[in-house]
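Notes follow the structure.
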Amino acid sequence: MSAVQSIEELANGPQGLSVETVEQPDGPRAPLRVNRRLETAIRVESGVMYVIAGDDETVLMPGDEQTIPAGVAYRRWNAGDSHARFVESYRPARPARAVPRLRPAWAF
């Protein structure tokens, strides 16, 4: 195991990966990011966060959570005038549900 692991490697554990962050007001906005194989959830503990995910724009207040599917570009930042504390969680994307194969009537 290498000393440096990607978020994807760390998030593949049974509990996924959660990172608690505090952002100052008027700080830099996080860059646009895409997690191709990970679902991302942002839960606000205090303060106000603004999230753009795909075409959706959301203001998250304390207690609010937004889940961003794998493959959707998103950006988030502190939208308030005080520090914002939030938890960003990563977990493997849920596999697409399999569509059952139908048997022709003559197969029964």
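Remarks
- All of Ser46, Ser82, Ser18 fail the test of being exposed (fewer than 12 other Cβ atoms within 10 Å of the Cβ), small (Gly, Ala, Ser) and at negative phi, apart from Ser82.
- Breaking point among (1) among the charged types (D, E, K, R); (2) in a strand (DSSP E or B); (3) loosely packed, with under 15 Cβ neighbours inside 10 Å, for Asp26: (2)
- All conditions but one from (1) of a type in the set (Gly, Ala, Ser); (2) more than 11 Å from the chain's Cα centre (by Cα); (3) modelled with pLDDT under 90 apply to Ala93; the one that does not is (2).
The values are calculated or read from the model by the stated rules, or taken from the named source; none is laboratory data. Quick caveat, the model's predicted, so the values are computed rather than measured. As a convention, Cβ positions derive from the backbone with ideal geometry for all residues, glycine included, and neighbour counts pool all protein chains shown.
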